[in-house]
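Just below is one structure, and these are the notes that go with it.
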Amino acid sequence: MSLTVLISGASSGLGRSLALQYAKQGATLGLIARRRELLKDLSQEIPNAAIYVADVRDSDAMQAVAHDFVLHHGQPDIVIANAGISRGVLTEYAEDSEVFADILATNVNGMLHIFQPFISHMRSVGSGRLVGIASVAGYRGLPGGGAYSASKAAAIAYLESLRVEMHGSGVSVITVCPGYIITPMTTGNPFYMPFLMSAEDMADKIIRVVDRRKLYAVIPWQMAIVARALRLLPNFIYDRLFANAPRKPR
């Protein structure tokens with residue numbers, strides 16, 4: 001029996017790779033993104049996918065997407081909250097406040113908005129998988145990346161709270177923390193990105209995690225070691241190491 005999968009942020013990067021790999025498995029797909037032309041291009045490769053041009057920041061829009069998808073394709077087995085954005089910000093600049101808020105609204109509230117329409121049904125039938133794409137950037141605050149690091153730390157905590165809330169219900173809440181991926185989001189990074197992976201390889205590993213219903217995964221495993229080591233560093237050492245590190249451009 002084929003899976004029914006709904007993916008946000010599906011127009012490029014990791015979301016696109018997840019969609020293509022699930023399509024190869026014969027899954028029934030719902031694909032959400034803001035960029036109409038990129039979604040249209042993807043629909044040429046996955047002609048049977050349901051395409052939704054919508055913004056995960058908009059709760060009403062996500063409710064409408066959910067209603068339409070369920071009406072035409074049934075309840076999804078897997079919902080992947082993948083939509084995310086990243087920009088360099090500095091707190092001292094007032095004009096960055098709006099960017100900061102936009103990143104939090106997309107990367108955190110967007111997860112809530114895509115999961116919310118499906119939770120009651122999943123709980124009632126005792127099955128389903130809610131997959132949140134967080135990041136190792138949520139392990140420690142990175143200079144110039146305060147908004148992105150904060151959003152991913154919040155996503156990790158939110159997913160943990162949701163996982164505990166769903167404990168014993170039969171619904172799996174899966175937190176995935178990727179390391180660096182070759183996507184448009186990382187193209188302009190002016191710093192070395194260790195253990196850099198292609199979006200295709202990352203998607204393959206994430207799908208394996210989801211298949212196994214592993215509740216928490218850092219990918220690749222080498223980045224898991226680095227991230228956990230950084231978390232254990234005393235603040236005075238961490239601050240000295242990263243105070244002058246290259247930063248994502250504003």
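Every read-out reported here was derived from the displayed coordinates using simple, explicitly stated rules and does not represent laboratory data. Quick caveat, the model's predicted, so the values are computed rather than measured. Note that each Cβ is placed from the backbone with ideal geometry, even for glycine, and that neighbours are counted across all protein chains shown.
Among the residues of the stretch 97-118, those that are β-branched (Val, Ile, Thr) and either in contact with a His (Cβ under 7 Å, 6 or more places away or on another chain) or farther than 19 Å from Val70 by Cβ (or both) comprise Val99, Ile103, Thr106, Val108. Being surrounded by fewer than 16 Cβ atoms within 10 Å (Cβ to Cβ) and among the hydrophobic types (A, V, I, L, M, F, W, C) is a property that does not hold for Ala224.
Table: residues versus (1) farther than 26 Å from Phe236 by Cα; (2) crowded, with 19+ Cβ neighbours inside 10 Å.
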site	(1), (2)
Met122	yes, yes
Gly126	yes, no
Leu130	yes, yes
Ile133	yes, yes
Pro143	no, no
Ala147	no, yes
Ala150	no, yes
Tyr158	yes, yes
Glu165	yes, no
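Given the options Ser127, Ser86, Ser59, Ser97, name the one that is among the polar types (S, T, N, Q) and either without any contact (Cβ under 8 Å) to a residue 12 or more places away in the chain or in contact with a Pro (Cβ under 8 Å, 6 or more places away or on another chain) (or both). Within the list Ser127, Ser86, Ser59, Ser97, the selection yields Ser97.
The residues of the stretch 166-216 that are without any contact (Cβ under 8 Å) to a residue 24 or more places away in the chain and aliphatic (A, V, I, L, M), listed by number, are Ile182, Met193, Leu196, Met197. State which residue is surrounded by the fewest Cβ atoms within 10 Å (Cβ to Cβ) when the search covers only the stretch 49-78 and only residues that are farther than 22 Å from Arg35 by Cβ and β-branched (Val, Ile, Thr). Per the criteria, the residue is Val70. Screening the stretch 151-165 for residues that are touching a Gly at 6+ places or on another chain (Cβ under 7 Å) and touching a residue at least 40 places away in the same chain (Cβ under 8 Å) and picking the one that is farthest from Ala81 (Cα to Cα) gives Lys152. Which residue pairs have Cβ atoms under 7 Å apart, sit 6 or more places apart or on different chains, and have a first residue in the stretch 13-40 that is free of Cβ contacts under 8 Å to residues at least 24 places away in the same chain and a second that is crowded, with 24+ Cβ neighbours inside 10 Å and part of a helix (DSSP H, G or I)? Once the first residue is free of Cβ contacts under 8 Å to residues at least 24 places away in the same chain and sits in the stretch 13-40, no partner that is crowded, with 24+ Cβ neighbours inside 10 Å and part of a helix (DSSP H, G or I) comes close enough.
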